[in-house]
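Novice: First the structure, which I've put down as structure tokens, then a few questions once you've had a look.
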Amino acid sequence: MQYKLIAMDMDGTLLNSQKEVSQRSKESLKKASDMGLKLVVCTGRIFTSAKTFARIIGTKAPIIASNGAYIREKDDDRVIFEKHLETEDLEKIINITKNMDFFLNYLLLILSFLKN
């Protein structure tokens, strides 16, 4: 079987405990890229964070960010896929977390923008 793509998570996979790409990983990924394999960063992080590390490893492939909810070309603004939570779903999440004594500043901020 000939491989065509390496998809890698960032935290604990591509990045070491210092949140850096090791020299060994850079060299290995460079060899893989030179052999024609596509290098795809897949992460729960937002796109801009993933783009920084995609640049470090030299990939030109699209980036899969936000746990798959946002896929975008690395080097231009073309969005391949994006999926957002609906306002009603955000409200449900906020109510559930309030009932559990959690407070989600980020979700409340998003919800306030959606209502305005």
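The values are calculated or read from the model by the stated rules, or taken from the named source; none is laboratory data. A quick note: this is a predicted structure, and the numbers were derived from the prediction, not measured. As a convention, Cβ positions derive from the backbone with ideal geometry for all residues, glycine included, and neighbour counts pool all protein chains shown.
Novice: For region 1-19, which positions are of a type in the set (D, E) and surrounded by 13 or more Cβ atoms within 10 Å (Cβ to Cβ)? Spell out the reasoning first.
Specialist: First, the residues of region 1-19 that are of a type in the set (D, E): 9, 11.
Passing the criteria: only D9.
Novice: While we're on this one: When you check L39 against the structure, is it touching a Ser or Thr at 6+ places or on another chain (Cβ under 6 Å) and at pLDDT 95 or above, yes or no?
Specialist: Spelling it out, L39 is indeed touching a Ser or Thr at 6+ places or on another chain (Cβ under 6 Å) and at pLDDT 95 or above.
Novice: What strands (runs of 3 or more DSSP E) completely inside region 1-103 contain at least 1 residues that are in contact (Cβ under 8 Å) with a residue 12 or more places away in the chain and in contact with a His (Cβ under 7 Å, 6 or more places away or on another chain)?
Specialist: Working: elements: 5-8, 38-41, 63-65, 70-72, 79-82.
Of the strands (runs of 3 or more DSSP E) lying wholly inside region 1-103, none has at least 1 residues that are in contact (Cβ under 8 Å) with a residue 12 or more places away in the chain and in contact with a His (Cβ under 7 Å, 6 or more places away or on another chain).
Novice: Identify the residue in region 34-59 that is among the charged types (D, E, K, R) and under 14 Å from K4 (Cα atoms) and, among all such residues, is surrounded by the fewest Cβ atoms within 10 Å (Cβ to Cβ).
Specialist: Looking at residues that are among the charged types (D, E, K, R) and under 14 Å from K4 (Cα atoms), I get D34.
Novice: Given the conditions (1) hydrophobic (A, V, I, L, M, F, W, C); (2) in contact with a helix residue (DSSP H, G or I) (Cβ under 6 Å, 6 or more places away or on another chain); (3) more than 22 Å from E82 (Cα to Cα), which single one is not true for A65?
Specialist: (3)
Novice: Name the residue, out of N67, N95, that is loosely packed, with under 15 Cβ neighbours inside 10 Å, under 14 Å from M8 (Cα atoms) and of a type outside the set (G, A, S).
Specialist: N67 is the lone residue from the list that is loosely packed, with under 15 Cβ neighbours inside 10 Å, under 14 Å from M8 (Cα atoms) and of a type outside the set (G, A, S).
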